[in-house]
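Please treat every number below as a calculation from the coordinates, not as lab data. What you are looking at is a predicted structure, and each value in this text was computed from that prediction instead of being measured. Here Cβ is always computed from backbone atoms with ideal geometry, including for glycine, and neighbour counts include all displayed protein chains.
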Amino acid sequence: DGYGAQFPIKGWDYCGEAIYMRKASYCKIEDCEFYALGGNGIYLAGENLKNNISYNRFAYVGSNGVSLLGTKQAHPFGNRVTNNRFDKTGWINHYTASIFAGLSNGNLIAHNEIFDTPHHAVNLATNGFGRNVLEYNRIARTSLVLHDTGAVNMWMDPYAIDEEGNVQIVNRTDRCGHILRFNHISDSNQGYYLDDWTSNCIVYGNIFDQVWNGVTIHGGRNNLIENNIFYDCGCLTYCANDLVARGKEAEFMHAYCVGNRVNNNIYHSGKDSSKSNLYWFYTIDQPGYEEEFPAIEEKRFAQIERNTYFMETGTYQIGESWSVKPWVIYQWDDWQKLGYDTTSVIADPMLVDPENDNFNLHPDSPALDQGFQPIDMSKIGIQSRN
């Protein structure tokens with residue numbers, strides 16, 4: 001239902017891929033090297049069932065490394081992309097990802113190592129009906145060329161196409177969200193970009209290391225952000241609801257961005273945290289919108305509790321802005337009066353050695369008293385074979 005796995009550029013022809021699979025089941029692609037390609041590495045097009053792509057190396061690939069892409073009627077399902085290494089994919093066409101899983105369902109993307117991407121590392125695209133699992137991946141240095149994205153990007157536009165090709169706005173409040181857990185994302189513009197109404201995602205047990213926005217929620221609802229570590233990040237969660245200004249969608253998606261929860265996380269801001277905000281809210285400011293869509297009062301977040309915050313410098317504050325109005329900064333006491341973080345603590349979480357990627361907790365960490373569950377870092381990244 002679109003252009004395929006390569007972003008269309010005027011004057012460019014579609015360049016293909018090293019391995020193309022359609023209606024393939026139970027195949028294995030293992031121990032291969034995809035090096036200096038003009039196009040994609042592996043493309044699973046349409047209905048592909050339970051194939052295994054593992055222990056391969058992708059380097060200097062011109063477009064996507066691995067693409068899982070179909071239509072709503074025929075799409076990749078139950079495939080495994082595990083224990084692969086991706087270096088510098090998107091070398092020619094920057095609007096790509098190391099792993100592109102648009103219009104797919106039930107796939108496992110795990111234990112991969114992805115480095116140095118011009119855009120995003122993983123794109124789960126417009127899966128408003130399917131759920132993929134992304135876990136135990138190590139991702140570093142993304143968005144090196146294009147910045148309006150995250151290391152992991154996805155969106156869930158509330159569109160449907162009727163038999164005559166007309167765009168219809170549909171209710172997708174029951175859409176499946178993705179499971180994003182136990183990934184280590186570092187040195188990137190944003191960690192998870194839950195773009196354009198992405199909802200019902202579980203963001204659990206991740207480590208965001210020197211990422212400006214850890215998690216961005218762009219108009220979505222009922223996302224759970226729990227038990228994550230945010231180290232030296234500019235912002236734990238950025239939440240924008242400017243999508244209400246997009247014509248017909250505003251009529252149907254009125255006050256859609258509600259019910260998100262941010263609980264039991266660790267936020268440790270580094271030495272230069274004077275410009276950091278724990279949270280940031282943004283709302284479009286057009287005639288009629290400022291009263292209908294206030295940023296914090298509409299309870300975009302149903303709950304923010306049991307978090308552990310520690311800033312080496314700076315103050316504990318929350319930012320709120322509109323497109324034209326002056327910014328508002330909430331200090332900690334005012335923030336708690338709004339009903340948030342009433343059970344959270346300000347204390348050193350006692351990370352063992354975060355500067356050297358050891359994010360284990362000292363046994364006396366106050367975060368453990370808050371109920372934080374330690375993250376097993378030994379499972380992150382490529383695993384040795386049994």
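A few notes on this one:
- Neighbourhood net charge (15 Å Cβ-Cβ; Lys/Arg +1, Asp/Glu -1) for residue 184: -4
- Each of 36, 106, 67 was placed along the dipole of region 1-150 (beta-carbon charges, centred on the mean Cα), and the one lying farthest toward the positive end is 106.
- Charged neighbours of residue 39, selected by a Cβ distance under 13 Å, balance to -2 (K, R count +1; D, E count -1).
- Of 72/299; 88/379; 337/379; 28/72, pairs whose Cα-Cα distance is over 30 Å: 72/299; 337/379
- Per-pair calculated FRET efficiency, R0 = 22 Å: residue 164 and residue 71 via Cβ, rounded to 0.05: 0.80
- Taken along the Cα-to-beta-carbon direction at a fixed 7 Å, the label points for residue 315 and residue 52 span 5.7 nm.
- Burial ranking of peptide ranges 12-24, 85-97 (average Cβ count within 10 Å, highest at the top): 85-97, 12-24
- Note on region 40-93 and region 343-386: Cα centroid distance 31 Å, given to the nearest whole angstrom.
- The modelled label-to-label distance between residue 187 and residue 343, using points 7 Å beyond Cα along the C-beta direction, is 3.9 nm.
- Take the Cβ atoms of residue 20 and residue 386, set R0 to 35 Å, and the FRET efficiency comes out at 0.70.
- Label-to-label distance for residue 305 and residue 60 is 5.5 nm, based on points extended 7 Å past Cα in the beta-carbon direction.
- Region 19-119: C-alpha gyration tensor shape, a/c 1.5 cut-off, then a/b vs b/c: prolate
- Net charge of Cβ neighbours under 13 Å - reference residue 50; Lys, Arg +1; Asp, Glu -1: +2
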